[in-house]
Amino acid sequence: MSVDSRAELASRDRIEGRDKRAGSNLYTLFMQAPAIICVLRGPDHVFDLVNPLYRQLFGDRELLGKPVREAIPELEGQGFFELLDQVFRTGEPYIGRESRAVLKSGDGDAGQESFFNFIYQPMYDGRKQIEGVMVFAFEVTEQVRARREMEQLAESLRQANREKDEFIAVISHELRTPLTSILGWARMLRLGGLDEQTQLEALNAIERSTQAQVKLIEDLLDEARIASGKLRLEMRTIDLLSLLQPAVAGLVPAAEGKNILIDADLGSDPCPVLADPSRLQQVIWNVLSNAVKFTPHGGTISIRLRRAEDARIDIRDSGAGIEPELLPHIFDRFRQGDPGASQRRGGLGLGLAIARHLVALHGGTIEAQSEGEGKGTTFTIHLPLATATGERFVERDRDRKVALPRLDGIRVLIVDDEADNREVIAAIAQRCGAEAMVTATAASGLDVLRRWRPDMIVCDIALPDMDGCLFLERVRALAPEEGGQTPALALTVLSARAEQERILASGFQIYRQKPIEPADLAHDIARLAASRVA
Ligand code: ADP
């Protein structure tokens, strides 16, 4: 018989005492109780009774007849022994709530964090002297963990909510800034009295501010696409040199404005990479425009292209530099340097986060280095080289933005519920010599189509009475002599691929995302009118 079993019999005898039956019932009750129970006797808290749930906590070890400090040494330093001493000394019960204990179920056990609600209840003998302490405990580890998880979740929701509020504040600031310029200059132009030079500057400022807004919205959409995993690339082999050259050339006007020297060393050998050209151009533009943004007057920006085991682009500026604490985070979304300075310089802190994602989708890397504040920054982009020869990347002809084609004799039907939009589209068409008719609804669009027989249709997708795609399906259902084959261009605010497919499937020849450049629209009208079946 083991020491413990003997001690157990002894403790049983003690409980059963003189009144055997009542004592036996009590013993059975302790042993079967759905609580962790033990009885400790004397000032050293010697185990006198341990029920199976208590024993289960401490694994296979001798408890009965041993002082608690000796039997469970790992509890030393966790506060329980001091509490037992206190209860034995004062005779005051102690109630513990969600108390943390690290328990070992055996010798090799590293210890496990658990939580208990418990009562240390003093026990008195017949002379009202304290003879021991009875322990009742309930394990609440699961409840505590679940509550902590809930608390963490609540805290991260609160944090996300704060970030969202800050983000909305930054967005509204960023969207308002260009609007101030647009509104201000538009009002000034209406008032008149500006000399020719100032009028030109006003128009330039309006254009610039509008483009800044478009860029902000594009970045936000890209960010949403990245977050939902919907950003897709259209890869082909291109010559990186042909992409970098125009990007560097495009930097010149902004750099000249700040008297910044551009030192480009791109070499002349082709540099084939597998890429989505417009997305790669977006990455390079982002880094280059940051370089201009953060470099003061009279600084230098150098751009290098190296071909070795991969293609390596270095863009170094002599500007503001980046503090070491910020450097590891500049590719995080919504992360900007000193908010004061960044607010003045504009931006949402999304450009580099998008750039890193895009470069990673190309199988490459983008890194930043800076010696610190005021000491310039170098961005290095690595891209894998392609084996095939790259086609030249041809950027859209910048002159198209100003050179309008002639559209004499072409009839354009414009269907758009937004009065300002249809008026400006009509004005562009008329400016090129076309005839234009505008309608605000699909129903009147169908009516005008039959009566007036335009050469092409420009149609908004979000119409009040009928979706633009459905409108076009109705058009295509008409007989040719009723205008059923009239070429059509869709204007949409959505750029999702599914939306584009839906638009083309309904019978549109071209779709364009708003806002559209007037010259692009005029060229599209020319192209569609030329394609119509005579
Ligand atoms: P933003 O559009 O707000 O500039 P980015 O993601 O492009 O956002 O850049 C994030 C931050 O990285 C900037 O706010 C700035 O603090 C820092 N940064 C980026 N490029 C440079 C640079 N060339 N020189 C100094 N700081 C830079």
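FYI, it's all coordinate maths here, none of it is from the lab. Keep in mind it's a predicted model, so treat the numbers as computed, not measured. So basically every Cβ, Gly included, is an ideal-geometry build from the backbone, and we count neighbours across all protein chains shown.
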Pair GLN513, ALA22: separation of 7 Å Cα→Cβ label points (nm): 8.7 nm
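Can you sort MET456, MET150, MET31 so the residue with the fewest Cβ neighbours within 10 Å comes first? Display every interim value, and only then the final one.
Numbers: MET456 28, MET150 10, MET31 15.
Least crowded to most crowded, the residues run MET150, MET31, MET456.
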Kirkwood-based shape ratio for the chain, expressed as Rg/Rh from alpha carbons: 1.26
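Go ahead and run the numbers for FRET between SER444 and GLN485, Cβ-Cβ distance against an R0 of 25 Å, rounding to 0.05. Let's see the in-between values first.
On the way: r = 20 Å, r/R0 = 0.81.
Plugging the Cβ-Cβ distance into 1/(1 + (r/R0)^6) gives 0.80.
Report the extension gain between GLN112 and THR389 in nm, rounded to one decimal, defined as 0.36 nm multiplied by the number of residues separating them, less their alpha carbon distance.
Details: separation 277, 0.36 × 277 = 99.72 nm, distance 6.16 nm.
So the extension gain works out to 93.6 nm.
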Extension gain, ASP263 back to GLU207 (0.36 nm per residue minus Cα-Cα distance, nm): 17.3 nm
Taking region 150-270 and dividing mean pair separation by its residue count, relative contact order in percent (alpha carbons under 8 Å, at least six apart): 19 percent
Paramagnetic reach from GLU418 (point 7 Å along Cα→Cβ, amide N under 15 Å) across region 474-516: 490-495, 512-516
Förster radius 51 Å - calculated FRET efficiency between GLU62 and ALA160 (Cβ-Cβ, nearest 0.05): 0.45
Viscosity 0.890 mPa s, 25 °C: Kirkwood-radius Stokes-Einstein D of region 455-534 over Cα pairs, µm²/s: 192 µm²/s
Contour minus Cα-Cα distance for GLN369 and GLU473 (0.36 nm per residue): 31.9 nm
VAL214-GLU98 FRET efficiency (beta carbon distance; Förster radius 60 Å; 0.05 resolution): 0.60
Amide N proximity, region 350-381 versus ARG232 label position 7 Å along Cα-to-Cβ, cut-off under 20 Å: 357-363
Relative contact order (%) - the chain, alpha-carbon pairs under 8 angstrom, separation at least six: 8 percent
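Exposure proxy check: GLU142, GLU418, GLU325 ranked by fewest other beta carbons within 10 Å?
Ranking GLU142, GLU418, GLU325 by Cβ neighbours within 10 Å, fewest first, gives GLU325, GLU142, GLU418.
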Inter-label distance, nm, simple model (7 Å from Cα along the C-beta direction), LEU194/ARG6: 10.6 nm
